[in-house]
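See structure below.
The values are calculated or read from the model by the stated rules, or taken from the named source; none is laboratory data. The structure presented is a predicted model; accordingly, all values stated were derived computationally and were not measured. Methodologically, a virtual Cβ is constructed for each residue, glycine included, from the backbone with ideal geometry; neighbour enumeration extends over all protein chains shown.
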Amino acid sequence: MKITDVKLYRTTDVNSPAVFIKIDTDAGIAGYGEGTNHFMPESSLGMLKDITPYLIGEDPERIEYLWQSCFRRRFMRGGPATGAALSAIDMALWDIKGKAHGVPVYQLLGGLARDKVRLYAAIAGRTAEEIAEHARRRVQQGFTALRFRAFHNYDDMDLHDHALAVRQQLEYLEAIRAAVGDDIDIILECHGRYDPEWALKLARQAEKFHPFMMEDPTRHENPQAMAQLRAHTSLPLAQGERYHNKWEFRELIVGGYVNYLRPDICHCGGITEIRKIAAMAEAYLINLIPHNNAGALGSAASVHAALSIPNIALLEGGGLAGDLQTDVVGPYPKVVDGYALPPEGPGLGITFNEELAESKPFRTGLQPRLKGLDGSVRDF
């Protein structure tokens, strides 16, 4: 079997710019992958144009070889564009391999390490009362883990102030805990907003509400900044959704800075690479809670990987939790009582509507231009 053609789709899915790849073979089997980077969509598309020529004429079942080829034969490498492009190619190759052998991808990854994948659902609100009500609805839907961040209303004002944000995070956390009780896990999402001293103030005051973990408390550029937080709080810490390969995760792992890693299968190099990140983490007794805000294709790949990787604690629900609606790709894996079930069918178990993908306009937009009270730049 040889790869005969590669086609890229620049479209809109789940109301966001989306980038997909189709890899054709001379056996009549096609595979699909998602390389969406919602915050840099043009970059992943450009990188795919640069590296897909390496695929033509190759055997699509040589997944590891092709991953290495696309990464190492480029003089400039790494970063979000490369990570997203490799993710798309890798997913499509696994999709082809599963279809060629007539089995779901998770069977090719060693089979089921678990029967189902526990999900967390995101909750949001502009007031403490609103987010508490959203939390109650999620629990009624069967979810036992919830993630929230505050300061959405400040985002609307293009404002971030550490003191205001910490105060609102604590207000919302207290309201959510009161609404759902002590048996529901609450993830305190910080979005990489805080300087270390402010993250520590938040962590110390949040401890009495027993959050499951504190996610992205500080910026990701310097993992060692997590060390001072780690030394002074009992809260479990998590980071990683902005990292793009095993080498970027290495310092987090070896330094022991976090309890949980947050790779995103659409950003970190795909199924092949997330398994290597998980294996590195397993040696240090660190578990994974993969980031996932993808549509049905990326979500299906996330579930296949999570089903086969032993050290998965949770998976972000995204569209699996009913947040996102899609028509270009489908279906999402089934969810029962807050758990994703194994996808059905060979390969990734999805269908791709090429005609619809080509007809939908590609829309991009700016992220909030956050400023401090003094007008200086703040992190989104």
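Brief remarks on what is shown
- Condition broken by D95, with the remaining ones in (1) touching an Asp or Glu at 6+ places or on another chain (Cβ under 9 Å); (2) among the acidic types (D, E); (3) within 24 Å of Y339 (Cα to Cα) satisfied: (1)
- Which listed residue is in contact (Cβ under 8 Å) with a residue 12 or more places away in the chain, more than 24 Å from the chain's Cα centre (by Cα) and on the phi < 0 side of the Ramachandran plot, from T36, T25: T25
- Subset of the stretch 213-222 (residues that are surrounded by 22 or more Cβ atoms within 10 Å (Cβ to Cβ) and assigned to a loop (DSSP other than H, G, I, E, B)): D216, P217
- Within the span defined as the stretch 226-245, one or more residues are touching a Gly at 6+ places or on another chain (Cβ under 7 Å) and polar (S, T, N, Q).
- Elements of type helices (runs of 4 or more DSSP H) contained in the stretch 128-210, each with 3 or more residues being of a type in the set (A, V, I, L, M, F, W, C) and surrounded by 22 or more Cβ atoms within 10 Å (Cβ to Cβ): 162-180, 196-206
- Taking the criterion of being touching a strand residue (DSSP E or B) at 6+ places or on another chain (Cβ under 6 Å) and either of a type in the set (S, T, Y) or in a strand (DSSP E or B) (or both), the residues of the stretch 333-350 that qualify are Y339, A340.
- Taken residue by residue, the stretch 79-92 has no member that is outside the structural domain of I312 (by TED's automatic domain parsing), surrounded by fewer than 19 Cβ atoms within 10 Å (Cβ to Cβ) and assigned to a loop (DSSP other than H, G, I, E, B).
- Meets criteria (more than 14 Å from Q168 (Cα to Cα), among the charged types (D, E, K, R) and in contact with an Asp or Glu (Cβ under 6 Å, 6 or more places away or on another chain)) for E215: yes
- Here G319 passes the criteria (1) modelled with pLDDT under 95; (2) part of a loop (DSSP other than H, G, I, E, B) except the one numbered (2).
The rows are residues; the columns are (1) part of a loop (DSSP other than H, G, I, E, B); (2) within 24 Å of F20 (Cα to Cα).
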site: I271; (1), (2): no, yes
site: I277; (1), (2): no, yes
site: E282; (1), (2): no, no
site: A294; (1), (2): yes, yes
site: S302; (1), (2): no, yes
site: A306; (1), (2): no, yes
site: T326; (1), (2): yes, yes
